[in-house]
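The values are calculated or read from the model by the stated rules, or taken from the named source; none is laboratory data. Everything numeric here is computed off the predicted structure, so don't read it as measured data. No Cβ is skipped: glycine too gets one built from the backbone with ideal geometry, and neighbour counts run over all protein chains shown. Ligands, DNA and RNA are stripped out before the accessible areas are found, and what is left, the full protein with its side chains, is counted by its heavy atoms. Shrake-Rupley method; radii C 1.70, N 1.55, O 1.52, S 1.80 Å.
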Amino acid sequence: MSADKKRVQFRAPDRLIDRTDALATVLGEDRTDILVTALREYLQDATHDDALTQEIAAAYYDDEISYDQLKSLVGAEEAANLRVLKQQLNEDFVDDIAEQ
């Protein structure tokens with residue numbers, strides 16, 4: 001995991017933060033550790049959802065996210081596969097236009 005960190009501020013419901021603080025107390029951790037762990041696990045689970053992976057791929061194909069962002073979401077191997085497919089799709093599009 002990278003040592004680089006970025007400060008993030010957000011608003012959350014009081015009850016959610018109260019639960020986070022209670023869990024942090026039980027585990028002897030701070031709120032940030034709990035929130036980072038929860039976010040990491042959510043992102044890990046979310047990117048293994050086929051429907052979401054398709055949305056991520058579509059965002060990449062539409063140039064809404066970069067290759068580096070794609071790789072951080074789906075992993076290096078899947079990102080490489082999607083990059084090859086994007087190149088093939090672009091080549092097919094060019095070929096189709098050239099034939100018209």
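General observations
- Crossing angle, helix 76-99 versus the chain [Cα axis fit, 0-90 degrees, rounded to tens]: 30
- Using the 1.4 Å probe convention, the accessible area of the chain works out to 85 Å² per residue with neighbouring protein chains retained.
- Nearest-ten-degree value, helix 31-46 long axis tilted from longest Cα axis of the chain: 30
- As a fraction of the 1.4 Å probe accessible area of region 1-51, surface on carbon and sulfur atoms comes out at 52 percent.
- Seen against the Cα atoms of the chain and their longest principal axis, helix 14-27 is set at about 70 degrees.
- Accessible surface ranking that places the most exposed of Thr20, Thr25 first, with a 1.4 angstrom probe: Thr25, Thr20
- GluC sites (Glu not before Pro) within region 26-67, DSSP loop, no more than 15 other Cβ atoms inside 10 Å: Glu29, Glu64
- Cleavage-rule hits, trypsin sites (Lys or Arg not before Pro), region 1-89, DSSP coil, Cβ neighbours within 10 Å at most 16: Lys5, Lys6, Arg7, Arg11
- Low-density loop cleavage sites - chymotrypsin sites (Phe, Trp or Tyr not before Pro) in region 6-100, where at most 10 other Cβ are within 10 Å (DSSP): Phe10
- A simple charge model with +1 on the Cβ of Lys and Arg, -1 on the Cβ of Asp and Glu and nothing else charged puts the dipole of the chain at about 780 debye relative to its Cα centre.
- The slack between Leu43 and Arg15, meaning 0.36 nm per residue of separation minus the straight C-alpha distance, is 7.9 nm.
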